[in-house]
Amino acid sequence: MDKCIKVTKQSKVDMQRKTLIATFDYELFFGKKWGTVELSIFRTTRNLLPILKSTGATVVFFVDAGMLLYYFKESPSIHNKLCDHLLLLRDQGHRIDFHLHPNWYARLNGLGRNGKEPVFYHEFVEEYSDQDLKRYFKQAYNHLFNVLKPSSNMSPIIAFRAAAWSYTPQHLVSEILTNLNIPIDSSVCPGISLDWAKMDFTNSPTSSAWSYSGGPESKDDNGPLIEAPIASTTIPRRLRLKDYLSRANNLKRWENSADGQGYATSNSKFLSKLSMVKSLILNHPIALDSDRMLPETFEYLASKWCKIANTSFAVSVGHNKFLSNNTIDLISYMSQKDWIIRHDNWKLVHEAFSKEEKA
Ligand SMILES: [Zn+2]
């Protein structure tokens with residue numbers, strides 16, 4: 001209890017410092033090799049925890065509750081290990097929030113696409129009926145909620161992240177989130193679009209938070225939900241190039257111990273070279289990504305975001321399955337640069353929102 005009081009005082013004093021809300025999607029890979037919980041989640045997270053502890057950073061894990069449901073049904077022993085792990089993360093001061101991939105629903109209900117294993121697909125919400133979708137969200141949310149063994153001093157789940165690429169069109173889920181009493185969504189990266197994923201945030205507002213009801217991509221002054229976008233903007237080409245060369249030449253830094261394989265398109269070296277060249281020429285905005293950015297690039301983008309969004313915080317995205325030595329360096333670098341890395345700064349999202357509403 002003492003600890004909680006100290007933390008609250010501390011964060012009030014520190015309100016003026018720039019804040020990073022570091023989030024990590026807690027899930028497995030998609031594709032033919034989806035990997036194991038042991039290597040893609042537990043081992044990588046084990047490498048991350050010491051640096052979080054030593055810098056006093058607390059982060060958000062967006063847990064794929066569909067994965068939990070799947071293991072609950074298919075392998076109770078893995079499910080129990082996952083539950084223990086989540087409680088451990090929470091005991092260490094981190095937040096557990098809600099993430100959900102549609103593919104598990106198909107798997108759980110014996111539905112396949114083209115007669116193939118459903119877990120191998122990144123499925124889209126539009127492939128399900130409204131009724132199925134609502135049922136799945138409710139079931140997954142309730143399961144995660146119960147796993148967290150809620151007690152009176154526990155914060156409820158307050159934020160959701162859509163499974164990128166799968167939640168198109170995203171407005172299908174806004175009503176569901178309202179009904180589940182989840183006030184914050186953190187799924188949008190302003191300015192970013194992915195053709196093959198049918199994801200398009202090119203016209204999303206560049207602001208630290210906004211409300212919506214129809215869909216998280218667009219502002220709606222009367223919307224019940226708050227969008228806390230993942231910070232995104234363009235960065236100088238020299239930093240882009242440096243990142244790319246570092247990944248190509250300093251494999252040890254980017255090595256991770258996960259055993260799954262990314263969704264097919266990211267595995268082609270040719271495609272990744274091509275997309276690098278394309279991004280250098282076109283200088284598209286990129287998301288604040290703790291998996292694939294050098295610490296200095298990350299800090300540059302986060303600071304630039306704060307300026308353009310006129311805010312003191314930036315939300316970043318990462319994945320347990322992609323955690324590498326670079327992620328660890330990055331947390332330490334941000335702390336040295338005097339950023340506060342705290343999940344309880346979700347409350348800044350609310351504040352920024354009410355300020356914007358007044359303006
Ligand atoms: Zn995901």
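The values are calculated or read from the model by the stated rules, or taken from the named source; none is laboratory data. Model, not experiment: these values are computed from the prediction. Because the Cβ atoms are built from the backbone with ideal geometry, glycine has one as well, and the counts that use them run over all protein chains shown.
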Review point. On the given criteria, is Thr55 in contact (Cβ under 8 Å) with a residue 40 or more places away in the chain, away from the ligand (no atom under 16 Å from the Cβ), touching a helix residue (DSSP H, G or I) at 6+ places or on another chain (Cβ under 8 Å) and not hydrophobic (A, V, I, L, M, F, W, C)?
Key: yes
Review point. Got at least one residue in segment 302-312 being at pLDDT below 95, surrounded by 15 or more Cβ atoms within 10 Å (Cβ to Cβ) and more than 24 Å from Thr202 (Cβ to Cβ)?
Key: yes
Revision key, fill the gap. Of (1) β-branched (Val, Ile, Thr); (2) within 17 Å of Lys138 (Cα to Cα); (3) more than 18 Å from the chain's Cα centre (by Cα), Thr202 fails just (2)
Exercise for review: Within segment 66-81, track down each residue that is closer than 22 Å to Arg135 by Cβ and either at pLDDT 95 or above or touching a His at 6+ places or on another chain (Cβ under 9 Å) (or both).
Suggested key: Gly66, Met67, Leu68, Leu69, Tyr70, Tyr71, Phe72, Lys73, His79
Study note, to complete from the structure: Over segment 174-205, the set of residues more than 14 Å from Val349 (Cβ to Cβ), of a type in the set (Ser, Thr, Tyr) and crowded, with 16+ Cβ neighbours inside 10 Å is Ser174, Ser204
Check your understanding: If you take the residues of segment 72-94 that are touching a Ser or Thr at 6+ places or on another chain (Cβ under 9 Å) and of a type outside the set (Gly, Ala, Ser), which of them is farthest from Met334 (Cα to Cα)?
Key -> Ile78
Check your understanding: Can you name the number of the only condition in (1) within 16 Å of the ligand (Cβ to nearest atom); (2) among the charged types (D, E, K, R); (3) part of a helix (DSSP H, G or I) that Lys81 fails?
Key -> (1)
Review point. Does segment 132-150 contain any residue that is more than 21 Å from Pro76 (Cα to Cα) and modelled with pLDDT under 80?
Key: no
Exercise for review: Please identify the pairs in which a residue from segment 84-104 that is in a strand (DSSP E or B) has its Cβ atom under 9 Å from the Cβ atom of a residue that is of a type in the set (Lys, Arg), counting only partners at least 6 apart or on another chain.
Suggested key: Ile96/Arg90; Asp97/Arg161; Phe98/Arg161; His99/Arg161; Leu100/Arg161
Exercise for review: Provide a single number: the residues in segment 90-106 that are surrounded by fewer than 24 Cβ atoms within 10 Å (Cβ to Cβ) and within 10 Å of the ligand (Cβ to nearest atom).
Suggested key: 0
**Study point:** Looking only at segment 159-177, and only at residues there that are out of contact with any Ser or Thr (no Cβ under 8 Å at 6 or more places or on another chain) and within 19 Å of Gln139 (Cβ to Cβ), the one that is farthest from the ligand (Cβ to nearest atom)
**Key:** Glu175
Check your understanding: Are any residues in segment 295-319 touching a Cys at 6+ places or on another chain (Cβ under 9 Å) and part of a loop (DSSP other than H, G, I, E, B), and if so, which ones?
Key -> Ser312
Check your understanding: With (1) within 16 Å of the ligand (Cβ to nearest atom); (2) modelled with pLDDT under 95 as the list, and Lys9 as the residue in question, which single condition is left unmet?
Key -> (1)
**Study point:** Extreme residue, farthest from Asp97 (Cα to Cα), among residues of segment 31-68 that are assigned to a loop (DSSP other than H, G, I, E, B) and under 16 Å from the mean Cα position of the chain (by Cα)
**Key:** Thr58
